[in-house]
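Worksheet: the structure to be examined is printed underneath.
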Amino acid sequence: RLRQKLEGGYVAQIEEILRQRGDVRVVDPEAAAHVIAVVSEAVTYWLAHSVPRTADKRRYVDEAVRLLATYSRQV
């Protein structure tokens, strides 16, 4: 329950940001906020638990940021 409550607040914050940003062009800010939250959580988990210790994690973080930024600017 706590996770759902926290996640809901996180999604609401993302949705509000999507609605306020003039450079963001998502069709459905509520759905987009959920997608961004889930993708962010999945990438964060993967980075923390699955990427080899010798890997340059910064490269993967940069790619995740690029992915989400590109997604949010689609028409």
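The values are calculated or read from the model by the stated rules, or taken from the named source; none is laboratory data. The shown structure was predicted, so the numbers you read here are calculated from the model rather than taken from an experiment. We place every Cβ from the backbone using ideal geometry, glycine too, and count neighbours over all the protein chains shown. SASA here: full protein model, heavy atoms, side chains in, ligands and nucleic acids out. Shrake-Rupley method; radii C 1.70, N 1.55, O 1.52, S 1.80 Å.
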>> I'd like the carbon and sulfur percentage of the solvent accessible area for the chain, probe radius 1.4 Å, heavy atoms only, ligands and nucleic acids excluded.
In response: 56
> Given the chain, what whole percent of its Cα pairs are spread farther than 14 Å?
Replying inline: 65
> With each run of n ≥ 4 DSSP H residues scored as -39500 (n - 2.57), what mean residue ellipticity at 222 nm is computed for the chain after dividing by its residue count and rounding to the nearest 500 deg cm²/dmol?
Replying inline: -25500 deg cm²/dmol
>> Restricting things to Cα coordinates, could you compute the convex hull volume per residue of region 33-75 in Å³?
In response: 53
>> If the only charges are +1 at each Lys and Arg Cβ and -1 at each Asp and Glu Cβ, what is the size of the charge dipole of the chain around the Cα centre, to the nearest 20 debye?
In response: 220
> Which of the trypsin sites (Lys or Arg not before Pro) across region 4-51 are loop residues per DSSP, with 14 or fewer other Cβ within 10 Å?
Replying inline: Arg21, Arg25
> Rounded to the nearest whole Å², what accessible area per residue is found for the chain with the 1.4 Å probe?
Replying inline: 80
> For region 49-62, in order, what is each residue's ³J(HN,Hα) by Karplus, 6.51 cos²θ - 1.76 cosθ + 1.60 with θ = phi - 60°, in whole Hz (x at glycine and Pro)?
Replying inline: 10, 10, 6, x, 4, 7, 6, 7, 4, 4, 4, 6, 4, 4
>> So if each residue of separation counts as 0.36 nm, and I subtract the Cα-Cα distance between Glu30 and Arg58, what length gain in nm does that give?
In response: 7.2 nm
